[in-house]
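Okay, structure first, notes after.
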Amino acid sequence: MVADPVVAAVDRIRTRRVHAGRIADRLFHGVTGGFALLVLSLLAAVLVSLAIGAAPAFRQAGFGFFISTAWDPVSNDFGALVPIFGTVVTAVIALVLAVPISFGIALFLTQLAPPWLSRPVSTAIELLAAVPSIIYGMWGLFVFAPFYAATVQPAAQSLLGDSPWVGALFQGPPLGIGMSTAGIILAIMIIPFITAIMRDVFMTVPPKLKESAYALGCTTWEVTTAVVLPYTRAGTAGGIMLGLGRALGETMAVTFVIGNAHDLSAALFMPGTTISSTIANEFTEAYGGTYSAALLALGLTLFLITVIVLALARLMLLRLERQSGGRRHV
Amino acid sequence: MSDRTLDPNRYLWRRLTNGFFLCAAIAVTALGLVILASILITLIGRGFAALSPQLFSQPTPPPGNDGGLSNAILGSVLMTMLATLIGTPVGVLAGTWLAEYGRGTLVAATVRFINDILLSAPSILIGLFIYQVVVVPLGHFSGWAGAIALAVILIPVVVRTTEDMLLLVPDRLREAAAALGAPYWRVIVSISYRSARTGILTGVLLGIARIAGETAPLLFTALNNQFQSLDLNGPMANLPVVIFQFAMSPYDDWQRLAWAGALLITVAILVFSVTARIVLRTRDQTR
């Protein structure tokens, strides 16, 4: 076979280009895959770095770190119970307030409001979610706290302060700042998040289901509780957990209004502290091994709590996603 | 049974319940809007009152003196830009792998899951992480550490949107390009990226909006600096930390500056997120 020089040249060029394409392909695959693995390892890296930093604190206090109420930089005696307590209490207050309100807004947006109204309100809620947390903190400190101290706190104290069981919750000076204020500001912060998720998952309910219920004579409220909520159970719960994750880890908004006192008290009007606000306030001043190790140990605690909550939230949202045919939410 | 269905009281009760809860839904929506209005009015009222040209020309003052926020604005812009430059390629490439190569694999599902957790992980922990891996080894706070911390917060946002947007590109387009003999990297660069361009850009804009107001991760990475500085190896002033310190201070003039900074930062963030929305909407309409 006599090789035509032109055909041979074309062949050579083609082989070279196919070869080059393969190399470039492998390179591109490798580089993108490498960055994907980098993202994968980020979470583990955070965990490891916090654990290494926290080790001295655990070595000194052992498991007792989690149940000790001490916080004494002078004698290097640290315990996590007070900040953990504050974190959990403020997050619970936030959820108790935010869930019904978010549910109401999502109900309004998906079942009640006409499109010309629901669209701008939706946008407004989403803009509220974009406002940085430090603004909520400032608003809480300069606007909400004085209002709260002047109106709500005295009223609550005169109304409930003497009741036998709940009375203990409403003790303390009406300063405007404290655990309950932090909980309320957190609620305001997470309402846009929970609302946006609830609205999105409520919209996944097939109209046929709702219309069948209406045809049977159900009221809007009955359709919501008997059709919409059962259908979106997993997604709604996922959205609430996501809100909880945010409330647990939020720093700036809380730091402004919680009062930063290492006291364990049932009274919600008293100043308290949370894990994140303790870290934010004290970390840069914490020179000396055990002090910063104790703060890093607090960070590690927060990491473990929030990652568990967020993982559960994502698993629930994933379940809804499968149910609604692969559509991703949030 | 039959008298139950005919009981007029029961019907009335159902209607009353319905009316009560629907009114409650309207009331809480109104409450939400009132809070939003209160935040915006406070911000605009106090922020505008403190706006002045010297805000942009003078650095942060000691209490009682005249001054502006120029060092903080400069530092914030610089660190946000750097974080975007670092985080965007990482996020886009990782998102590309998820959407193009990893589809349906267990590794991709894991990466997506971890990324979703990172997306809502407390930002203060990212700050502690960067403190441990950058600030401690170098021995000092620095603008670089701040930028890296912000990049770590930006990455998950970009990964998520890049993947979502690439998955919206129809596979038929990819197959058509492959049938013409294009290698896969070429398909991704010339077909997938080009179709998903605006979507990916939106992700970056949303990421910038997310990091521009982040305070907690900068507290122990960039710290703060009283003076105008372009030195990324030293502590660097930035708007969020200055706002935090000035707002918590007892001095009136510092608090005024804090409100001015808060207004600036919120306006910047709203501009970024509204632009992202408009970009997405116009793209959806041209489709």
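The values are calculated or read from the model by the stated rules, or taken from the named source; none is laboratory data. Please read these numbers as outputs of a predicted model, since none were measured by experiment. Note: ideal-geometry Cβ built from the backbone for every residue, glycine included; neighbour counts use all protein chains shown. Protein only, heavy atoms only, side chains kept; ligands, DNA and RNA dropped before computing areas. Shrake-Rupley method; radii C 1.70, N 1.55, O 1.52, S 1.80 Å.
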Report task. Any chance you could give the angle, 0 to 90 degrees and rounded to 10, that helix A:289-323 forms with the longest Cα principal axis of chain A? Result -> 60 degrees
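State in Å² the accessible area per residue of the stretch B:3-49; use a 1.4 Å probe, count heavy atoms of protein chains only, and round to the nearest integer.
Numbers: 3270 Å² over 47 residues.
That works out to 70 Å² for each residue.
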**Report entry** Cα centroid separation, the stretch B:149-176 to the stretch B:74-120 (Å)
**Finding:** 8 Å
Requested in this report: Report the full-extension gain for the segment B:THR110 to B:VAL279: residue separation times 0.36 nm, less the Cα-Cα distance, to one decimal in nm.
Outcome: 57.8 nm
Query raised in the report: Which ³J(HN,Hα) values in Hz, rounded to whole numbers, follow from the phi angles of the stretch A:270-277 under the Karplus curve 6.51 cos²θ - 1.76 cosθ + 1.60, where θ = phi - 60° and Gly and Pro get x?
Result: 7, x, x, 8, 10, 4, 5, 6
Query raised in the report: For the Cα atoms of chain A, what angle does the longest principal axis make with the long axis of helix A:5-61, in degrees from 0 to 90, nearest 10?
Result: 20 degrees
Report summary line: Counting sequence-distant residues (5 or more places) and residues on other chains, those with an amide H built under 5 Å from that of A:ASP77 are A:ASP72
**Report entry** the protein assembly as shown, accessible surface, carbon-and-sulfur percent (1.4 angstrom probe)
**Finding:** 69 percent
Query raised in the report: Considering the alpha-carbon set of the stretch B:53-286 alone, what are its Rg and its Dmax in angstrom?
Result: 20.4, 71
Requested in this report: Using a cut-off of 13 Å between beta-carbons, work out the net charge of the residues near B:GLY146 (Lys and Arg +1, Asp and Glu -1, B:GLY146 not included).
Outcome: -2
Query raised in the report: What quantity of accessible surface, computed with a 1.4 Å probe and excluding non-protein components, is buried in total between chains A and B, in Å² to the nearest 100?
Result: 7100 Å²
**Report entry** Extended-chain gain in nm, criterion 0.36 nm per residue less alpha-carbon gap, B:ALA37 and B:MET81
**Finding:** 12.8 nm
Query raised in the report: Once phi is turned into θ = phi - 60°, what whole-Hz ³J(HN,Hα) does the Karplus curve with 6.51, -1.76 and 1.60 give for every residue of the stretch A:161-177, x standing for Gly and Pro?
Result: x, 9, 5, x, 9, 7, x, 4, 5, 10, 7, x, x, x, 7, x, 10
Report task. With a 1.4 Å probe and every protein chain left in place, tell me how much accessible area B:MET236 has, in Å² to the nearest 10. Result -> 0 Å²
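Gain in length, A:PHE66 to A:ALA226, computed as 0.36 nm per residue apart minus the alpha-carbon separation, to one decimal in nm?
Details: separation 160, 0.36 × 160 = 57.60 nm, distance 4.27 nm.
Additional length available on full extension: 53.3 nm.
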Query - Cut-off 13 Å between beta-carbons: net charge of the residues surrounding A:THR251, Lys and Arg +1, Asp and Glu -1 - result: -2
Query raised in the report: Using the alpha-carbon atoms, what tilt in degrees (0 to 90, nearest 10) does helix A:179-202 show relative to the longest principal axis of chain A?
Result: 40 degrees
Query raised in the report: Based on DSSP H assignment, which helices of chain B show an axial Cα extent of at least 27 Å together with a mean Kyte-Doolittle hydropathy greater than or equal to -0.5?
Result: B:8-50, B:70-96, B:143-168, B:193-212, B:252-286
Query - Calculated from backbone phi, Karplus (6.51, -1.76, 1.60) coupling profile of the stretch A:220-227 in Hz, x at Gly/Pro - result: 4, 5, 5, 4, 4, 7, 9, 10
Report task. Tell me which residues come under 5 Å, amide H to amide H, from A:ASP263 once H is placed; ignore anything under 5 positions away on its chain. Result -> A:THR273
**Report entry** A:ILE23/A:LEU117 FRET efficiency (R0 51 Å; Cβ-Cβ; nearest 0.05)
**Finding:** 0.35
Requested in this report: May I ask you to find the residues of the stretch B:146-161 that are shielded by at least 20 Å² of accessible area once the whole protein assembly is considered instead of their isolated chain (probe 1.4 Å)?
Outcome: B:VAL152, B:ILE155, B:ARG160
Query raised in the report: Residues of the stretch B:116-139 losing 50 Å² or more of accessible area relative to the isolated chain, 1.4 Å probe, heavy atoms only?
Result: B:ILE117, B:LEU118, B:SER120, B:PRO122, B:ILE124, B:LEU125, B:LEU128, B:PHE129, B:GLN132
